[in-house]
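Remarks on the structure that follows.
The values are calculated or read from the model by the stated rules, or taken from the named source; none is laboratory data. Values in this document were obtained by computation on a predicted structure and should not be read as measured data. Because the Cβ atoms are built from the backbone with ideal geometry, glycine has one as well, and the counts that use them run over all protein chains shown. Ligands, DNA and RNA are excluded from the accessible area calculation, which covers all protein heavy atoms including side chains. Shrake-Rupley method; radii C 1.70, N 1.55, O 1.52, S 1.80 Å.
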Amino acid sequence: MAYESPLLRRPGAVAPPDDLPEAGVPWHWGDPFAEQRTASRGVAVVDRSHRQILTVTGEERLSWLHLVISQHVTELPDGEGTEALVLDSQGRIDAHMVLAHVDGTVYLDTDPGAMATSALPKGDPKQPLQAYFEAMKFWSKVEITDATDDWALLTLLGPEVPELLARFDIALDSRPYAVTRFSGGVARRMPWPGASSVDLLVPRAELDDWWTRLTDAGARPTGTWAFDALRVESRRPKLGVDTDERAIPHEVGWIGSAAHVAKGCYRGQETVAKVHNVGRPPRHMVLLHLDGSQEIYPETGDPVLLGERTIGRVGSVAQHHELGPIALALLKRSTPWDAELTVGTEDRVVQASVDPDSVPRAHAAPGREAAQRLRG
């Protein structure tokens, strides 16, 4: 049965189209552009309770996780978190997750229905993420639990988040991924979208109550439309939307933040190290500015073309309150970043240009020249 947040039953909540990955939580609350402005200038709260929550406990939780995910976590301190990936044997991305380590438990939240390539030679080629972890546990002293029925995720956005947290006696420092336990849940500082974002893990049975408490304290109800627009502005990928079956961490900016290049052996590590040392990933994820004069927008998976030649694919498409229509796209490394591009197919073809700030460093100058021409 598909998940449906209890907050969708509140007055003003608008459900997303069924084909969006965020199905089951509010898409917006009547004015997605005003919600974006509040999330950028004040304080907003987003229901992300559709995400899957796993917990890892046991004395070997960190050493075991270190072997099965892409991030270096053997010495992850209590009170800190990180991002991490599960890769297949060719270094392609299977799953993305965000961790919070506190009081002997690693909380791991990921996309609903996250899957990983099976480690077994027979059977289904893909299996649920928890099942993959169980298959990799062997004799390690760890316990892996699907805690989705116990915990739900809310995200606070905006520069006034610290003041809101103070009203609930939540003391969380400004370091990215800092984690603390508070009365009723766990708080984790996030470096995106925006500098003051905080994820709150609250008891699922108290989700509705926490929403009331936060909104009564001044947080504006905000939907995933606004969250995704700010995520795209921050150039943070969403697995399965901004990635395809060939995507590797280097192409979407997950080296460092989610994949460690110097740690010991883990599945896909050879590809990560090789591409990092050579410094030439096949593609780069960039931010595109779309021509919105005709209010036509491409869709995820649509081609990006240079003339008649396909040079990439569209990922997330968003309408930003200041930037207008924007999108993330995976483009070939050989793309001339100052070129005039077209995006989309059939009746949704629009012109596009690469944001110069999203151009890889080795190619940054042409991108800036293009931006100067556009401003002129």
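Odds and ends about this structure:
- Residues considered: Gly184, Gly312, Gly256. Largest GNM mean-square fluctuation over the chain, using C-alpha springs under 10 Å, is found at Gly184.
- In loop segments of segment 65-156 as defined by DSSP, the GluC sites (Glu not before Pro) with at most 10 further C-beta atoms inside 10 Å of their C-beta are Glu75.
- Point-to-point label distance, Ser293-Asp124, nm (Cα→Cβ direction, 7 Å offset): 4.9
- Shown here: segment 53-179, whose C-alpha atoms stretch 53, 28, 27 Å along the first, second and third principal axes, sorted largest to smallest.
- Placed amide H near Ser118: partners under 5 Å, 5+ positions off or other chain: Lys126, Gln127
- Amide H partners (placed H, <5 Å) of Glu80, local residues excluded: His101, Val179
- In segment 117-160, the trypsin sites (Lys or Arg not before Pro) that fall in loop regions by DSSP, at most 14 other Cβ within 10 Å: Lys122, Lys141
- With θ taken as phi - 60° and the Karplus curve 6.51 cos²θ - 1.76 cosθ + 1.60 applied, the whole-hertz 3J(HN,Hα) list for segment 339-356 is 6, 7, 10, 10, 10, x, 8, 6, 9, 10, 8, 9, 7, 8, 9, 7, 5, x Hz, x standing for glycine and proline.
- Partners for Lys332 among lysines (Cα-Cα distance below 21 Å; same-chain residues under 8 apart left out): Lys238, Lys274
- Dipole-positive endmost among Thr310, Leu99, Ala195 within the chain (Cβ charges, Cα centre): Thr310
- Most mobile listed residue (Arg313, Arg204, Arg188) in the chain, GNM with C-alpha springs under 10 Å: Arg204
- log₁₀ of I(q)/I(0) at q = 0.20, 0.21 Å⁻¹ - segment 120-279, Debye sum with one point per alpha carbon: -1.38, -1.40
- Stokes-Einstein diffusion for the chain at 25 °C, viscosity 0.890 mPa s, with a Kirkwood radius from C-alpha pairs, works out to 114 µm²/s.
- Under 28 Å from the Cα of Lys141 - lysines, other chains or at least 8 residues apart: Lys122, Lys126, Lys263
- Amide H partners (placed H, <5 Å) of His260, local residues excluded: Gln71, His72
- Summed residue charge, Cβ within 13 Å of Val46's Cβ, Lys/Arg positive, Asp/Glu negative: -1
- Sulfur and carbon atoms: percent of accessible area, the chain [1.4 Å]: 49
- Anisotropy class of segment 282-362 from Cα gyration tensor, a/c 1.5 cut: oblate
- Whole-Hz couplings from phi, Karplus 6.51/-1.76/1.60, listed for segment 99-106; x for Gly and Pro: 10, 9, 10, 7, 6, x, 10, 9
- Overall, the ratio between the Cα radius of gyration of segment 67-113 and 2.2 N^0.38 Å, rounded to two decimals, is 1.19.
- Candidates Leu287, Leu230, Leu164: whichever shows maximal mean-square fluctuation once the chain is modelled as a Gaussian network with Cα springs under 10 Å: Leu164
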